[in-house]
1. Can you find a residue in region A:129-141 that is under 30 Å from residue A:57 (Cβ atoms) and among the aromatic types (Phe, Trp, Tyr)?
2. Within the bounds of region A:227-240, is there any residue that is in contact with a Lys or Arg (Cβ under 9 Å, 6 or more places away or on another chain) and part of a loop (DSSP other than H, G, I, E, B)?
3. When the residues of region B:32-48 are filtered to those that are more than 10 Å from every other protein chain (Cβ to nearest Cβ) and in contact (Cβ under 8 Å) with a residue 40 or more places away in the chain, which remaining residue is farthest from the chain's Cα centre (by Cα)?
4. Criterion first (small (Gly, Ala, Ser) and either modelled with pLDDT under 95 or buried (at least 18 other Cβ atoms within 10 Å of the Cβ) (or both)) does residue A:175 satisfy it?
5. Name the residues in region A:104-145 that are touching an Asp or Glu at 6+ places or on another chain (Cβ under 9 Å) and surrounded by fewer than 17 Cβ atoms within 10 Å (Cβ to Cβ), would you?
6. For region A:1-101, give me every one of the helices (runs of 4 or more DSSP H) that falls completely inside it and has 3 or more residues that are within 21 Å of the chain's Cα centre (by Cα), at pLDDT below 95 and more than 14 Å from chain B (Cβ to nearest Cβ).
7. Return only the number of the condition from (1) within 14 Å of another protein chain (Cβ to nearest Cβ); (2) over 11 Å from the mean Cα position of the chain (by Cα) that residue B:82 does not satisfy.
8. Can you pull out the residues in region A:67-82 that are surrounded by fewer than 23 Cβ atoms within 10 Å (Cβ to Cβ) and of a type outside the set (Val, Ile, Thr)?
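The values are calculated or read from the model by the stated rules, or taken from the named source; none is laboratory data. Source: prediction; values computed, not measured. Methodologically, a virtual Cβ is constructed for each residue, glycine included, from the backbone with ideal geometry; neighbour enumeration extends over all protein chains shown.
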Amino acid sequence: MAVLDLHRSPGIFPFALREELHRRQPVLAAAAEVFLLVALPCVMAMVLDPRELNGVSVWLKPAKFAVSFFLYYATLAWAFGYLPASAAASRSGRLVVNVALVAGSYELLWIIAASSLGVPSHFNRSGVAWTVAYAVAGVGAMSLMIAVLVQGVMLARDRSHAMPEAFRLSWVLGACLAFVGTVISAGFLSQHAGHWVGGIASDAGGVPLFHWSRTGGDLRVPHFWALHAQQILPLAGVFILQVRGAPHRSLVIAAAVVYAGFVAFTFVQALQGRAFLG
Amino acid sequence: MSLEQVFSIAGGVAMIGWLVLLLAPAGSAWPGRVVYSAAVALAMLYAALIGAYFSRSQGGFGSLADVAVLFATPGVLLAGWVHYLVFDLLVGSWERSEADRLALSRFVLAPCLLLTFLLGPLGWLLFLAVRHVRMRAQLVRGSSPA
């Protein structure tokens, strides 16, 4: 498949995929692996540590964030494959790589530190240190999304890599939607007292794996879907290319509009105090 | 899962590493990978134990009495034990790779590994002594071609 360039690295699927990721951007690929591995001790600690926050293990959150960061870095690394080899070394390319690495590392370290102490990370404004740490994390989260947006702009401006324009558009729109959607949803979330709107203020009994509220609104839902536009729209792009064959820019734009509508819907749903999955 | 169970599992993982160090043939890559994987798994367990227990323990590193108080928390005591397991295994792994590099007999390496397994630093000192002699011997042989 020309779009994914998998023919370059024959082999068993996950290993071929890993090799390809490292070929595209070795630094971000390595970061993706490291962050995924961080989930392992978090899961072990989940078994060992009876402490809970919001009714779930204190180690659930770092484990979830580790997996999320794996996806984030892997997606950035993969997208560098659609840019010239020199792109990661250019000024904006270095900005993407370095900002993503520094901000992501801070974010996860902050969350792990809070979990090991059994205190909240987000919304923790107890004392100067945690208040400052949370504020810095806010800047870090914004920086993570800026990195996505800058890479999206790089993809939009580049004409050197031969790829269907519709597919390029799916990456660009994914980056833009992730940026705008996350800044709005996460920005609103951070101004709120917590992630629940109505319902029982506990993560226990929430949606499996995600622990989103099933009794009321949960502002993490639109945040999640907005953030992962970074992956979902390019996947939609692959799907459209596979099904339709020829490039269809209008289909990609339609997919982006529908997806943006879906994210907006989950946002309104959470604001109204209604559960995403009851 | 009880800490006793975790202790047993950690001991089992370390034992697999030591058996491979002691018995696996030289010249292939898999023994190194197995030992490394065992060490990484134990190091991750250490990280989990520290994350789970360290902030809730008393004591510190300032005096022997502080350290004794620190290790009075079973979770931290187990973390300390896993710390031994990981680093002893890594020292054993280094001894084996050095032995291969210097073409040292397995019969000389084995007692060093056993002593490292049982009494860590003592085994390492023994291996350093053996290694020192071996390297001098190679130097002598290398400088006077017969």
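1. Scanning region A:129-141, I find at least one residue that is under 30 Å from residue A:57 (Cβ atoms) and among the aromatic types (Phe, Trp, Tyr), so the answer is yes.
2. Narrowing region A:227-240 to residues in contact with a Lys or Arg (Cβ under 9 Å, 6 or more places away or on another chain): A:237.
Filter once more, keeping what is part of a loop (DSSP other than H, G, I, E, B): none.
Scanning region A:227-240 turns up no residue that is in contact with a Lys or Arg (Cβ under 9 Å, 6 or more places away or on another chain) and part of a loop (DSSP other than H, G, I, E, B).
3. B:32
4. For residue A:175, the condition - small (Gly, Ala, Ser) and either modelled with pLDDT under 95 or buried (at least 18 other Cβ atoms within 10 Å of the Cβ) (or both) - is met.
5. A:118
6. It comes to A:13-24.
7. Answer for residue B:82: the failing condition is (2).
8. A:68, A:70, A:71, A:78, A:81, A:82
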